[in-house]
Structures are given as structure tokens and as C-alpha cells.
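Read the structure below first, then the notes.
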């Protein structure tokens, strides 16, 4: 069974020892005893090396986020047993076999029947309960202030997601020479750069909820029965769409990578349909669950929509519709930005990297890049997730 | 000469002694010596009384904001000489006669030839230099976190600007019985409530720049040569449009109040034209100055638009155009919300309150309210400030 160490992940942990069948937070000192795994942050970014230093304080924010998200979604967040800030050390639940990193499962072509149910539950609950839909301003501002301390990880995201792919950077790479011109086109696309500026501004300025901050398919461990979200070291108060988009965007990448994994034994056609259904269901279930939480707590202490004001069903419907439309467009935009950076930025995904034939890999990546550019530029024209799936089908 | 104590202001300071010709931060212990005024915060909201407690810590944020804004716009922010956090005590420059509160000048019908030049300079510089247009993420997040501490004042704004006017509240009042039905209509207007929710969300979540937080015409002291912005106790990292909107919205209120001040000696027609020119010039000069600062520092360390990405004149023009359009619409929305709350909320403005004939006052207020509702609902249709002025003319 594969470990969780992804050769491309930006995860800043370092593996100092390893085991063939357990989850390893990439780049981590760890020990294992009695169902517990011990993680320790190292002072640099793993995939770059010691030349790119990174604060060990991210372990503090990871532990904080695990605990906070764990309060709201205990079924899908591993429990933290111990945190030592001086040592940057987290002791948490060991995710026993057969848990594997979702990205590995997607590459292997494995279907997870409960994935959409679980991940939509995780996203709806963690995002809802840490937002002003549920919280008072006092709770919210206190938490926002605390997570402002995770600024180094926010800066890293700003750089690798919203900046580097759109300029010449020593860290960028792509499947060369096939995609050289495509990468250049991204850097020369004024409309794309205009749109990414708006998203970056939202990422930097909008403290909508406590987001995971790196919710790609490498941050989710799965079995057929279990879905566990790990590695929230990038957590801070940011736009909800950044998490939902990260997950959906990485599913779209997984979709476009399938043709590179197809062979005479398995043409992957059935599996591609499963991924498309997973994209559609994830959004639809998230939508349903968020609205259900909102309805359930609408008379609570959430500051955003006071019950004395939003006091009739017609108005409640109106505000929810507008909120979800805006969130959908944010989700598509952020998802697209996360896709682009995985094709022309520093950190690539194993979905594509594991396609050994470079020209075939480039073909898959190019289609994903075209899809991402379409989503980023035209996201406001999409009214439903079915339209997104239709656009993916057209481009494949 | 009038003092600055406005009977309707929400300013939380208390005047414990007074003088006929000096500026008093409303509800303030103060002393005066050698060009210095001493202010001390009291633990409640002045216009309500001891029944509405309010943290004395607001003096800390007021002093911090005065110093921060003073760094960027020293000509228009009085210097802070001393701050004592334990005593909640600020020692700052005494604004000598003939400085008066701008709102008093607007009621008196006085023209200030340098006002638009000065206030646009103040807004452009304080907002630009505290935003990610100029700052790095590290500086920005540190400052955002600190001002999250001013949460009680933020909550007060959320309540009195974005909530109370749209629901039944013990603190609301209006020129009754004339405006009873109008106030009720505000509370029953679904579209208005939908729009105000979006603005409230921006106010609560978007840390765009260090805003004054209460930049109405009662927070500005003027002479013919000088413009000084005072009372930033509501300061925090919020949306730029909240400040610009507060100022323009209060000018629009001043405009609609003029008919109530007209008499046989002065029909106020010329003065109304001056206010309209002031509205138009304030935005236009602000626009020009913000863009000039942006152009001047475009190769600096501002995180929002990195020079290596936004690297051609066409793209630079595009991003600036989009930024200013969004800011214009935010400005109109927040300005409208600030107008509405002054007519049907807790804190009214002297512009209207000083019209002794209640039926005449109600007529003036009703026109201002209609203008505000139009602006709030249709703000995205306005492309230029001239169109706003045209709409004001139509409604007068």
C-alpha cells in the first residue's frame, strides 16, 4: 500500500522514518504507538528543500484547525491527542490501513461510494459553523485575529496559486517542451490575469470562514467506509470557495488524467463517469447540507442574517439563493486557479506526473488547462454544476 | 461658534467641561493647554447613556488609527502627542478656531473651497497605503489582527447601520407620524434587505484597508484653509467604500436638508449646487489621486498586483478600471446604507434635526430616503458620479 508521501505536494512536513502501510504526513518526524501518530514540523518546505524556509509555527495552526474542524465534523477529522508548541509536535489519531490518500485511489481508479456524502458533510459543517452564518461577530473576530498569525502559509499560497503561474518564476515548471507555449499563453492572458487578481483579493481579504486552505485530493484519506481530512496547516479565515474549489478542481484534474492511465485492460470510461458524478454530487450535497444547517439554525446567534430581519420564507429563499450563487462562482474560480497552478506552477499532481509518456501527459494537462481557463474567465455564466460537467465532457 | 457636540452623534466620548469656541470630541473629559487637547473615553455610548455600555479600549484604537492615518495624511489628521492606555486618554493637537465641524458648516450654508481637494487626499492616501495595493501580506495581516480587537465598535456599526433600520428595534426612531409608513416600508422591502446583507457581509469580512469607520460630516473639522479628520474610534480593516460612502452619503443628506433651511433671505439654491459639485469632485479627485498613488508605487511591494504579472499598460488600465468600478459600487451601497440609518435608525443627523417644522423635515428626509433606496438597489447600474448627481437632481 502506498504511503501518503506525494512527490509533488507542498506539504511542509518531513518524513524522518517510514513504514510501508501507514499514513505519513509528508516530511514529518513521526512515531507510532497505540493508534497514535506523532508529527513534527520542519523549518522548510519539503518539496523545495532547505533553501525555502518555512515557519514551524504552522504546526500550531494545523493543530488548532484540526481541533476546530474536528469539533464540527468529528467523523471526518482525525482527533488530536496532544500538541506541543515548543516542539511543533502533534500527536493525533493514526489512520489505520486500508486508509490511503484519495489522490492515489483516483489514480488507481477506485470508486468510493461514501466520498461525496462525507466530504460534503465535512465542508458544509466546518465552513458553516465557523462563518457569520452561525457565529457572532465577537467569536468571529477573535478567531480571525488568531489565524492571521498563519501569515507565512497564506503568503505561500498567494505566491504559488495566485502569482507564480502568471509570471516567469524560477519555481514554475511544466511538461516541456509540449506545454511551453501554453504556459507562456497563461502569462500573456490579460483577461485571465484580471480574473485571478479578483480571486487573490478575496483570498487575502475575505475572512468568511475557517478554511482548510489546501483541500486537494492529497489532503483526504479514504477507505470505502471512511473519509478523513488531514493536513490543514494552511488553515486561516478565508473564502469558503477556496476549499470547495480546491476539492472540485482536483477532481477535474483527476478526470483529465484518466486518459493517461487508460490501457487495454481498463479504458477508464466507467471511472471517468464516476468522477463526473462525484463532482456533481459533491456540490449538490454540499449545497443541500449547507442550506439545511442554515435553516436549522436560522433563529440562532449568527450575525449575518438576523432572524428579525430575514423574517419571511420568500426573503430567506432570496438570500440563500444569492449566497449560494456567489459561492458557486467563487468555487469555480478558485477551483480553476488551483488547476492552473498544478499544470504550470511549482507543485504538480501525481495524477499527471504518474503518466510516464510526456507527450500523452501534456495532452491530458492541456485539456485540463483549457477547462480551467474557461472556468476562471466564464465562471459567472455557469448557473449549475451540471453545466460545468457538460463543459468538461465537451473538452475531454 | 458652535462646539462639535452633536446631539445625535453616536460618538462615545463625554464632555465633562466645555468651552464656547473650541472643538470637543463629544462626551469627553478634556483639558486644554499649549495647543493640546486631552480626551478620555467613558464606558458607555454617549447618545444613549449609561444603559449602553461601551469599552474604553476604543480610545486605544482611536489613537492607533490617528497615528497610522496621520503618517500617511499628516496635513489632515491632528497629531497625537500622548496616549495612555490605562487611562484611555489621548493628548492630541487642539484644532484652534475657526475650525468647526463640517456638518455645522453645511447647515449654515458655508462653502469650503479646499474641502474636496483635502478630503479626497485624506481618503486616497489613508486607504491606499493601508491596503494590499501598497502593503505586503505580512504587514497587512499583522495590522488586521490588531484591529480585530476593536470588535465592540464594529458590532455597534453592524447593529445600527446594517441591522436595526431593517427590523423593529427599541432604539429606532423617525420623524413620526410622517415617516412611520416609510420606516415600515424599509423593514418590509425584501430587495433592500437582500442588498444590505451583501454590504454587511463585506463590512464584517473584507479587510481591504484601515478605514476610519465613521467618516460622516461630523467627523471632519474645517476652516476655509484646513480640513481635519477626527474621531476614528470605529477604525478597523474594512471595505474602502464604507469610508467614501459615509462621506458622500452624508453630503447627500446635507443636500436634501437644504430645502428645510431655505428662507426668504437665502433660498439655498446656489448652496445646493455647491454640494452637488462637492459630491462629484470628491469622488473624481479621490479616483484621480488613488490611481496616481497606484501608478507611482506600481513597482513597489504591494501584494495585490505584482509588477511582474501586471506588466503592460493595457492590463494595468483594465485592473484599475475594474477595481475602481467595484469600489464605486461599494461606495454607493455603503453611502446609501449610512443615509437610511440616519433617517429611520437610532442616530439622526443635525442637518435634518435642526429643521424645526416636523412636516417639512419629514419631506426632506423622505426624498433622501428614496434616493438612498434607489442607490442601494440600483448601485451597479451607475457608471459615473455624474449619473448619481443627475439622480439626486431628479428626486429633489
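Since every read-out is calculated from the coordinates, none of them should be taken as a lab result. All values derive from a computational prediction rather than experimental measurement. Reconstructed Cβ throughout: ideal geometry from the backbone, glycine too, with neighbour counts over all protein chains shown.
Annotation: the residues B:211, B:90, sorted from fewest to most other C-beta atoms within 10 Å of their own C-beta, follow the order B:90, B:211. Is chain A rounded, prolate or oblate when judged by the Cα gyration tensor, a ≥ b ≥ c being the square roots of its eigenvalues, rounded requiring a/c under 1.5 and prolate requiring a/b larger than b/c? It is rounded, given that a/c, with a ≥ b ≥ c, falls under 1.5.
Label-to-label distances for residue A:184 across copies, nearest first, come out at 7.0 nm, using points 7 Å from Cα in the beta-carbon direction.
Take each residue in A:126-134, count the other chain C-beta atoms within 10 Å of its C-beta, and the mean is 1. Per-residue shielding of A:309-322, expressed as the average number of other chain Cβ atoms within 10 Å of the residue Cβ, stands at 4. With a/c under 1.5 counting as rounded, go ahead and sort the stretch A:329-372 into rounded, prolate or oblate using the C-alpha gyration tensor (a ≥ b ≥ c being the square roots of the eigenvalues; past the cut-off, prolate if a/b is larger than b/c, else oblate). Prolate is the answer for the stretch A:329-372, as a/c is 1.5 or above and a/b outweighs b/c. Panel order for A:354, B:51, B:163, by other beta carbons found within 10 Å of each beta carbon, from fewest to most: B:51, A:354, B:163. Summarising the rotation from chain A to chain B, the nearest chain A beta-carbon to the axis and its distance in Å are given as A:145, 2.
Across the identical copies, the 7 Å label point of residue B:87, projected outward along Cα→Cβ, sits 4.9 nm from its counterparts, in ascending order. Let me know the shape class of the stretch B:87-237, please: from the alpha-carbon gyration tensor, a ≥ b ≥ c as square roots of the eigenvalues, rounded when a/c is under 1.5, otherwise prolate if a/b is greater than b/c, or oblate. Oblate is the answer for the stretch B:87-237, as a/c is 1.5 or above yet b/c matches or exceeds a/b. When only Cα pairs below 8 angstrom with a gap of at least 6 residues are kept, chain B shows a relative contact order of 19 percent. Across the identical copies, the 7 Å label point of residue B:34, projected outward along Cα→Cβ, sits 6.8 nm from its counterparts, in ascending order. Neighbour counts of other Cβ atoms within 10 Å put B:52, B:283, B:274 in the fewest-to-most order B:52, B:274, B:283.
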